Amino acid sequence: MQSSRLQSDASPGVRAGMPALAVTLALFLVGCGGGASDAASVAARGGTAVSMASNVEPMTAPFPAPDERPLVAWPACEPSGSGVDYTVGPGQALAALDDVPWERLAPGDTVRIFHRATPYRGKFVLAAQGTAARPVRVCGVRGPNGERPVIDGQDATTRPALAAALGDNVSEIQQSRALVMVTKLASQAWTERPSHLQIDGLRFTHAQPAYRFRDAAGAVKPYSDFGACLWIDRGVHITIADNELTDCVMGVFSRTTDDGSGAITENLRIVGNVVHGNGLAGSESEHNTYTQGLGVVIEHNVFGPLRPGARGNAIKDRSAGLVVRYNRIEEGARALDLVEAEDFPLLAMSRADYRTTLVYGNQIRKNGETGSLIHYGGDHYGSTPGASWGEPVYRKGTLYFFHNTVIVTGRSAAVFQLSTTEERAEVWNNAFVFASTVAEKSLRMSQSVGPAWTSGGVLNLGRNWLSIGWQDIDQWHTVGGQLNVPAPPLTGLRSPLVAGGWVPQAGSALVDAAVAGPLAVRVEWQLDASGRSQPRGVRGAAADLGATELP
């Protein structure tokens, strides 16, 4: 995934060390001509003159939770035709989740969980090894109004046969981690992993310390304070799709370590889920999703705010080959916290794709007062050169950030936090819209690092739209590294988005303004007002800036 197209700018641009006011003023003077605050009228895409005189505030309303309709088109929950069809629910062959022989699922098997008026109160383990041609699927058959079947952790039971099937893996801590645990069986070799599994069309909830469950031995216990609705201990080709994940410690957690091929999560796809209301109040260690693995793709999801009082992130990741695209991401201490491979540094650093991260086509809205929006590099610090933790194992690569729409609220904000000068961000074709309440509109901020490193990173700012008054750094701090601006961005006093939405205003500076960037990736999808994915095409002379094309 690492690109040979990465270009270095010949122009030194605007560098850290210029006073923040000077940076803002210089770029205002050369950049104000392209903004939505320009002339009284400009031509709309359809040829109609549109007045830009009205003041438009970006969307600042609370998170609108999507209804039960799928966020992205997904196959119906039907038997595969190549394995056993286990049906669970009213009038079906199996009445409860504990009746499913989870420990014996084989390639091609399907577990279909039918909607009913009351939740299913059960926990289960997936250890099956499907194939590309015959995956193993656990899916929900929706109710008459499209409702997902509910898997509720409160008073959930665990199939007794799983105690023998898992053997030593059935420890108190393992069972208390999650509603669904993806791991190996005791009879399998250490190197074996679950494979080609899909979990879709279900609502998972109530797996956090306030709730209790009954384990495989029949003992009643509370959930762990570090767990998830869905916990992936290891696995390859795992798909989590079209679920709602809420009121758990985390929505999804995946684990990877340097303990051999059996300890890796690989090719994990998290797609079309609604993830919200997770985390623990007062704690910064639990997140809506927390992924560690190889080849993780997070796409077409809606991430709502965490639990009230939780200080975790919307998306936290420690993976190699990460792609985050076509999501709506709301709030979190950080919208994206993309840091070092803490538990598998040797494996991660042996791979070229650890140095490349793609983030595109996302709609991001966050209060800047709770933390930086995008953190890239690492979060453990105070190490020494050559060590196997902290700064020496940071990502030390390039974050490609393009065609995103970012709405910033609060009173002050910093968009990017690049850990050291060994981290770089290529930023182009985005729209950065600050609410009128934001007085400090900063692009960069630093973090604590050991004396052998300098924080701040290298941010290469290509063609983007930014609210007037933007600056490199705030007026109270100094930041190392550099901000390179080879050409002035487009700017404006008013939001270029339609009121209360994510779509460009007709005639705004976003329309037809995209340019070729340092990485050639086609942006194929965009989100509608409800967060559902729709095909994106170029409708004018060029693509529009941001995550959404003007119709």
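The values are calculated or read from the model by the stated rules, or taken from the named source; none is laboratory data. Treat the numbers as computed from the prediction; the structure is a model and nothing was measured. Note that each Cβ is placed from the backbone with ideal geometry, even for glycine, and that neighbours are counted across all protein chains shown. Side chains are part of the model used for accessible areas, which takes the heavy atoms of the whole protein and leaves out ligands, DNA and RNA. Shrake-Rupley method; radii C 1.70, N 1.55, O 1.52, S 1.80 Å.
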Please give the length that would be gained between Asn145 and Arg104 if that part of the chain were fully extended, namely 0.36 nm times their separation in residues minus their C-alpha to C-alpha distance (nm, one decimal).
-> 11.5 nm
For helix 20-31, what angle does its Cα long axis make with the longest principal axis of the chain, in degrees from 0 to 90 and rounded to 10?
-> 80 degrees
If you take every DSSP beta bridge whose two residues both sit in the chain, what share of them, in percent to the nearest 5, is antiparallel?
-> 10 percent
For the residue pair Ala189 and Thr437, what label-to-label distance in nm results when each label sits 7 Å from Cα along the Cα-to-beta-carbon direction?
-> 5.8 nm
Along Cα→Cβ, 7 Å out, is where each label goes; now give me the distance between the ones at Ser388 and Ala499 in nm to one decimal.
-> 6.0 nm
What distance in nm separates the simple spin-label points at Thr131 and Ala65, each placed 7 Å from Cα in the Cβ direction?
-> 4.2 nm
May I ask you to give the percent of accessible area on the chain that is carbon plus sulfur, with a probe radius of 1.4 Å?
-> 53 percent
Under 21 Å from the Cα of Lys396, which lysines turn up, not counting those fewer than eight places away in the same chain?
-> Lys316
The relative contact order of the chain, taking Cα pairs under 8 Å that sit 6 or more residues apart, comes to a percentage of 14 percent
Using just the C-alpha positions of segment 237-379 as equal point scatterers, what log10 of I(q)/I(0) does the Debye formula give at each q in 0.09, 0.15, 0.21 1/Å?
-> -0.23, -0.67, -1.31
Give the Rg (one decimal place) followed by the Dmax (whole number) of segment 252-327, computed from C-alpha coordinates and expressed in Å.
-> 12.8, 39
Compute the Cα gyration tensor for segment 396-449, then decide on rounded, prolate or oblate, letting a ≥ b ≥ c be the square roots of its eigenvalues: rounded whenever a/c is under 1.5, prolate when a/b is larger than b/c in the other cases, and oblate in all that remain.
-> oblate
Extension gain (nm, one decimal) between Ala281 and Thr478, 0.36 nm per residue minus Cα-Cα = 67.7 nm
Relative contact order of segment 87-216, defined on C-alpha pairs under 8 angstrom at six or more residues apart (%) = 30 percent
Calculate, for Thr118 and Ser530, the FRET efficiency according to 1/(1 + (r/R0)^6) with r their C-beta to C-beta distance and R0 30 Å; round to the nearest 0.05.
-> 0.60
Cα gyration tensor shape of segment 64-157, rounded if a/c is under 1.5, else prolate or oblate by comparing a/b with b/c | oblate
More than 22 angstrom apart: percent of Cα pairs within segment 162-277 = 33 percent
Can you give the Rg to Rh ratio of the chain, both from alpha-carbon atoms, with Rh computed by the Kirkwood formula?
-> 0.99
Under 15 Å from Lys366, Cα to Cα: aspartates and glutamates that are on another chain or at least 8 residues apart = Glu57, Glu330, Glu331, Asp337, Glu440
Return, ordered by residue number, the residues of segment 78-104 whose backbone nitrogen is under 13 Å from a label point located 7 Å along Cα→Cβ of Ala164.
-> 103-104
When the helix-only estimate is applied to the chain (DSSP H runs of n ≥ 4, each -39,500 (n - 2.57), divided by the residue count), what is the mean residue ellipticity at 222 nm, nearest 500 deg cm²/dmol?
-> -1000 deg cm²/dmol
Could you give log10 I(q)/I(0) at q = 0.17 Å⁻¹ for segment 311-372, computed by the Debye formula over C-alpha point scatterers of equal weight, without solvent?
-> -0.62
So the pair-distance distribution of segment 423-551, from every Cα-Cα distance in 10 Å bins, comes to percents of 12, 37, 33, 15, 3, 0
Multiply the residue gap between Ala520 and Glu78 by 0.36 nm, knock off their C-alpha separation, and tell me the result in nm, one decimal place.
-> 155.4 nm
Using Cα pairs under 8 angstrom and six or more residues apart, how large is the relative contact order of segment 505-550, in percent?
-> 47 percent
Going highest first, how would you order 259-266, 118-125, 229-236, 304-311 by mean Cβ packing within 10 Å?
-> 229-236, 118-125, 304-311, 259-266
Descending Cα extents along the principal axes, segment 121-221, whole Å | 44, 40, 19
Can you give me the P(r) profile for segment 334-460? Cα pairs, bins 5 angstrom wide beginning at 0, each as a whole percent.
-> 2, 11, 21, 22, 19, 12, 7, 4, 1, 0
